[in-house]
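The values are calculated or read from the model by the stated rules, or taken from the named source; none is laboratory data. Everything quoted here is computed from the prediction, not taken from an experiment. Methodologically, a virtual Cβ is constructed for each residue, glycine included, from the backbone with ideal geometry; neighbour enumeration extends over all protein chains shown.
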Amino acid sequence: MLILPFLLLQASGQPQAVEPSPDVVVKGQHLSKLRLDISIDGDFLMDCRVAVSSGDTFIDSQACRAADVCVRRGMRTSSRLLACIDHRIALAVSRHDATKSKN
């Protein structure tokens, strides 16, 4: 089982004291709960399932998709795979939120 610690915010060159918006805090709490069971064989993700839900159906639906892309892109070590999955889920959440805000 992989434990996926997620970081939604990255430091931009200068440190800034910024209060996190409620959405970021809530999403961070959801992501910290997420646990995946995955099976990799060579360049293929053979099996992936959400072992512990994040509590957010959208995040859960993106997790195995992200893992599949990352494995196909050659991420094999735990740290690289986790970083890739984190990044892909954060992108999907950003796109999803942007789409919701337009409607």
Residue by residue through segment 74-85, note down the ones that are more than 15 Å from Asp60 (Cβ to Cβ) and not small (Gly, Ala, Ser). Met75, Arg76, Thr77, Arg80, Leu81, Leu82, Cys84
Go through the residues of segment 24-47 one by one and say whether even a single one is of a type in the set (Gly, Ala, Ser), modelled with pLDDT of 85 or more and either out of contact with any Lys or Arg (no Cβ under 9 Å at 6 or more places or on another chain) or not in a helix (DSSP H, G or I) (or both). yes
Only residues that are in contact with a helix residue (DSSP H, G or I) (Cβ under 8 Å, 6 or more places away or on another chain) and among the β-branched types (Val, Ile, Thr): list them for segment 53-103, please. Ile59, Val69, Val71, Ile85, Ile89, Val93
Check segment 86-100 and report whether any residue there is surrounded by fewer than 12 Cβ atoms within 10 Å (Cβ to Cβ), among the β-branched types (Val, Ile, Thr) and under 14 Å from Leu45 (Cα atoms). no
Selection over segment 55-72 where residues are out of contact with any strand residue (DSSP E or B) (no Cβ under 7 Å at 6 or more places or on another chain) and either of a type outside the set (S, T, N, Q) or under 17 Å from Ala83 (Cα atoms) (or both) yields a count of 10
Among the candidates Val50, Val18, residue that is at pLDDT below 55 and either more than 13 Å from the chain's Cα centre (by Cα) or outside any loop (DSSP other than H, G, I, E, B) (or both): Val18
